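Here it is, the structure, as structure tokens.
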Amino acid sequence: MKIPRHIGGGISAVLRQLGLGTKLRQYEVLEAWPRVVGENIARISTAESIRDGKLFVSVVHSVWRNELIFLKKEIIEKLNKEMNQEIVKDIIFR
């Protein structure tokens, strides 16, 4: 009996055919947020949604929002490195 070795590749192909590959990668960015930004930032912020390359992040207080704006470029680079492709082009902290 032969066992399929690359079922993940088949699933990826089906997702691409259905146009869901991009949506899945965007969802993975939301899931990766706490891991990528670290425990301290994850405590005060939540990645809520992503549309057209813009990641929308809720922050507990405007002071923290201002601090995160200074880290935006670095966070974008870390997220895209984690995803192995450019998914996040901008972050909107609110």
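Can you pull out every residue in region 26-60 that is of a type in the set (D, E, K, R), in contact with a helix residue (DSSP H, G or I) (Cβ under 8 Å, 6 or more places away or on another chain) and closer than 15 Å to K78 by Cα?
Residues satisfying the conditions are E28, R35.
Then there is this: Find the residue count for region 45-68, including only residues that are surrounded by 12 or more Cβ atoms within 10 Å (Cβ to Cβ) and either at pLDDT below 95 or within 17 Å of the chain's Cα centre (by Cα) (or both).
Within region 45-68, residues that are surrounded by 12 or more Cβ atoms within 10 Å (Cβ to Cβ) and either at pLDDT below 95 or within 17 Å of the chain's Cα centre (by Cα) (or both) number 14.
If you scan region 26-61, which residues turn out to be outside any strand (DSSP E or B), within 22 Å of N84 (Cα to Cα) and polar (S, T, N, Q)?
Answer for region 26-61, where residues must be outside any strand (DSSP E or B), within 22 Å of N84 (Cα to Cα) and polar (S, T, N, Q): just Q26.
Let me ask you something else. Given the structure, is G8 modelled with pLDDT under 95 and either touching a strand residue (DSSP E or B) at 6+ places or on another chain (Cβ under 7 Å) or surrounded by 13 or more Cβ atoms within 10 Å (Cβ to Cβ) (or both)? Lay out the reasoning, then the answer.
Numbers: modelled with pLDDT under 95: yes; either touching a strand residue (DSSP E or B) at 6+ places or on another chain (Cβ under 7 Å) or surrounded by 13 or more Cβ atoms within 10 Å (Cβ to Cβ) (or both): no.
Taking the combined requirement at face value, the residue does not satisfy it.
Could you give every pair whose Cβ atoms fall below 6 Å, whose first residue belongs to region 24-51 and is closer than 16 Å to R65 by Cα, and whose second residue is among the β-branched types (V, I, T) and in a strand (DSSP E or B), counting only separations of at least 6 or pairs across chains?
Matching pairs, first to second residue: S45/V57; S45/V59; A47/V57.
Within region 72-90, which residues are surrounded by fewer than 17 Cβ atoms within 10 Å (Cβ to Cβ), in contact (Cβ under 8 Å) with a residue 24 or more places away in the chain and assigned to a helix (DSSP H, G or I)?
Once the filter is applied, which keeps residues that are surrounded by fewer than 17 Cβ atoms within 10 Å (Cβ to Cβ), in contact (Cβ under 8 Å) with a residue 24 or more places away in the chain and assigned to a helix (DSSP H, G or I), region 72-90 yields E82, M83.
The values are calculated or read from the model by the stated rules, or taken from the named source; none is laboratory data. A quick note: this is a predicted structure, and the numbers were derived from the prediction, not measured. Here Cβ is always computed from backbone atoms with ideal geometry, including for glycine, and neighbour counts include all displayed protein chains.
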